[in-house]
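The values are calculated or read from the model by the stated rules, or taken from the named source; none is laboratory data. Treat the numbers as computed from the prediction; the structure is a model and nothing was measured. With ideal geometry, Cβ positions are generated from the backbone for all residues, glycine too; neighbour counts draw on all protein chains shown. We work out accessible area using only protein heavy atoms, side chains counted, and drop any ligands, DNA or RNA first. Shrake-Rupley method; radii C 1.70, N 1.55, O 1.52, S 1.80 Å.
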Amino acid sequence: MDERAELRALMDSSDVPASVATRARIVLWWAEGRQKLEIAALAGVSRPTVNFWLSRYGAEGIAGLLERPRGAGREQVPASIRARILAATRTSPPGESGLSHWSSREMAVFITRTEGVSVSHHYVAKLWRENGLKPHRQGTFKVGKDPAFAEKVADIVGLYLDPPGGAVVLSIDEKTQIQALDRTQPLLPIEFDASEKRTHDYVRHGTTNLFAALNVSTAEVFGECTPTRNGADFLAFLKKAVKPHAGTEIHVVLDNLSTHTTPDVMAWLEKNPHVRFHFTPKGSSWLNQIETWFGIATRQSIRRGTFTSVTVLIKQIRDYIAHWNTDAKPFTWTATAEDILAKVRLVQTNIKKLVDNNTK
């Protein structure tokens, strides 16, 4: 195959980069007797570029038109430095720094100063992403100290995963002091390429307390707002919540608030043996499914709402409950009691190790 044929093969090959095909065209056009200015216009490149590739072809032939291996990449960060960054990330910054937590920039500076190896904050951030480390975020935890923790977890999770046949399981709690907040300026609605906007300042118009009962099997919610929250309010709500299930065995999951065990409430329970209370472990109200619903209602209805009065707030809460019940879907509880207790034991072990290390 002569060189013209090889150049045309380069132009027509689907395995050759477009830049190489353009170089082959430049050489062929030159061989046809075209002027360099014309070739530059046809190829969409500059005159010096035409000169460069014709010179390269004259010196090296077709091989000079091909892509050349690029230089070696930059030296990688040593594995020891990588390990040092990951280890330091899981500890608090030095006390003398005054930092409460690491940022990628502060970590890069720290490593450069202490290890004598320069790393960029981009590298630190990438390393964190690869290892699921998020120093900028913070969560909360609480290890329950209820002596009957295991028994209560098993009792409540058992109701969720295998409720008694024909029985109704109600998850009940109160969301207290919900504020009727009114923004000082009108809401700016969502637009294309612009999110909804509201003022950061607001006017308080009072509060309300929401009592709510979630039917675990149907996810339907019964709720009622009251200006106060005491034992009498709770008992009045409890009677309304269980009334639709008269004649049925009813299991009520609730937390350890004193208003749930007032003498009046306990006396009512004695007169209604078909209703049985199941208390979550102390400090573990997250076991109560109504808490999940409170979180959803807050995000979808309350937090971003604008309320000119408590009455308006209460109406929105009622409307949201009605909206929820039109398409309620039960929560899928997957964690067994054994799963929960195993995680708690792991947390307790890690806390003990941390305390022991800090006392050394």
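Residues in region 100-117 that are open to solvent by less than 60 Å² (accessible area, probe 1.4 Å) and in contact with a Pro (Cβ under 6 Å, 6 or more places away or on another chain): 102 only. Residue selection: residue 55 fails the criterion of being hydroxyl-bearing (Ser, Thr, Tyr) and either modelled with pLDDT under 85 or under 30 Å from residue 137 (Cβ atoms) (or both). Can you confirm whether residue 27 is under 16 Å from residue 3 (Cα atoms), open to solvent by less than 40 Å² (accessible area, probe 1.4 Å) and either out of contact with any helix residue (DSSP H, G or I) (no Cβ under 6 Å at 6 or more places or on another chain) or of a type in the set (Val, Ile, Thr) (or both)? So residue 27 fits the description; yes. For region 321-360, which residues satisfy the criterion of being assigned to a loop (DSSP other than H, G, I, E, B), surrounded by 10 or more Cβ atoms within 10 Å (Cβ to Cβ) and modelled with pLDDT under 80? Within region 321-360, 335, 336 meet the criteria.
If you filter region 20-66 down to residues that are assigned to a helix (DSSP H, G or I) and of a type in the set (Asp, Glu), you find that the one that is farthest from residue 10 (Cα to Cα) is 38.
Quick test of your reading of the structure: residue 87 fulfils all but one of (1) open to solvent by 50 Å² or more (accessible area, probe 1.4 Å); (2) within 28 Å of residue 11 (Cβ to Cβ). Name the failing condition by number. With (1) open to solvent by 50 Å² or more (accessible area, probe 1.4 Å); (2) within 28 Å of residue 11 (Cβ to Cβ) applied to residue 87, the lone miss is (2). Screening the candidates 33, 98 for the property of being more than 30 Å from residue 127 (Cβ to Cβ) and out of contact with any Leu (no Cβ under 7 Å at 6 or more places or on another chain) yields one hit, 33. Among residues belonging to region 296-314 that are farther than 17 Å from residue 223 by Cα and touching a residue at least 12 places away in the same chain (Cβ under 8 Å), point out the one that is nearest to the chain's Cα centre (by Cα). Among those that are farther than 17 Å from residue 223 by Cα and touching a residue at least 12 places away in the same chain (Cβ under 8 Å), it is 304. If the condition is being open to solvent by less than 50 Å² (accessible area, probe 1.4 Å) and out of contact with any Ser or Thr (no Cβ under 8 Å at 6 or more places or on another chain), then region 40-54 contributes 49, 50, 53, 54.
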